[in-house]
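The values are calculated or read from the model by the stated rules, or taken from the named source; none is laboratory data. Predicted model, so just to flag it, every value in this text is computed and none were measured. Cβ atoms come from the backbone with ideal geometry, glycine included; neighbour counts cover every protein chain shown. Note: accessible area is taken over every heavy atom of the protein model, side chains too, but ligands, DNA and RNA are not part of it. Shrake-Rupley method; radii C 1.70, N 1.55, O 1.52, S 1.80 Å.
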Amino acid sequence: MKYIKINNITASAIINNVGNETDDKRIITKSELKRGDYINYNDLYFLVLDEINDKRYNVYNKATIRSCNHNIKFIIGDRLFLYYAIIEGDKFYIQNDSIISMSADTITVTLPKTDVTKQLKEQDCFIKWGKKWEVQGINYTKSGLIILNCK
């Protein structure tokens, strides 16, 4: 049993490695979980990726979490907001029966869906690695998460 924080509220959980290339982990806890929650474990932030539809034995919540590998800052209005995020590059997509690699200047940023992140819009920008990244598309298909496609 490990002590963690779920959205800054102390809880206990069992956490195991999944063993995939993204270092995902499985979490089992009696505390409420939902997709997009932040988990603080071993001084690292993780995002809950799964939709939690039912409890195991009506007691336990079980989900997959992924480490937030970067933080980003947005200015919305006149305030600066910091978010821990999952940033990925080197994505692939299929077009006309062939696999196309997206260019190295394209990333996806996964954030929790909050009142602040819902205000993000296309053409908003942020600075990371000394480069300006522009939001070119926003994916709302996963409840609790916002996925930004940036160039």
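From the set of residues in region 10-26 that are in a loop (DSSP other than H, G, I, E, B) and among the β-branched types (Val, Ile, Thr), which is least open to solvent (accessible area, probe 1.4 Å)?
This residue is Thr22.
Hey, among the residues in region 110-128 that are over 20 Å from Tyr45 (Cα atoms) and assigned to a loop (DSSP other than H, G, I, E, B), which one's most open to solvent (accessible area, probe 1.4 Å)?
Per the criteria, the residue is Gln123.
Would you call Tyr84 modelled with pLDDT under 95 and either aromatic (Phe, Trp, Tyr) or surrounded by 10 or more Cβ atoms within 10 Å (Cβ to Cβ) (or both)?
The answer is no for Tyr84.
Take region 29-46 and flag every residue that is of a type in the set (A, V, I, L, M) and crowded, with 17+ Cβ neighbours inside 10 Å.
Leu33, Ile39
Cβ-Cβ under 6 Å, sequence separation 6+ or interchain: first residue in region 4-24 and more than 13 Å from Asn61 (Cβ to Cβ), partner in a strand (DSSP E or B) and of a type in the set (Ser, Thr, Tyr). Which pairs?
Asn7/Tyr38; Asp23/Ser67; Asp24/Thr64
When you go through Ile76, Ile107 one by one, which is the residue that is at pLDDT below 95 and buried (at least 18 other Cβ atoms within 10 Å of the Cβ)?
Going through Ile76, Ile107 in turn, just one is at pLDDT below 95 and buried (at least 18 other Cβ atoms within 10 Å of the Cβ): Ile107.
Look at Tyr45 and say whether it is modelled with pLDDT of 85 or more, outside any loop (DSSP other than H, G, I, E, B) and under 13 Å from the mean Cα position of the chain (by Cα).
yes
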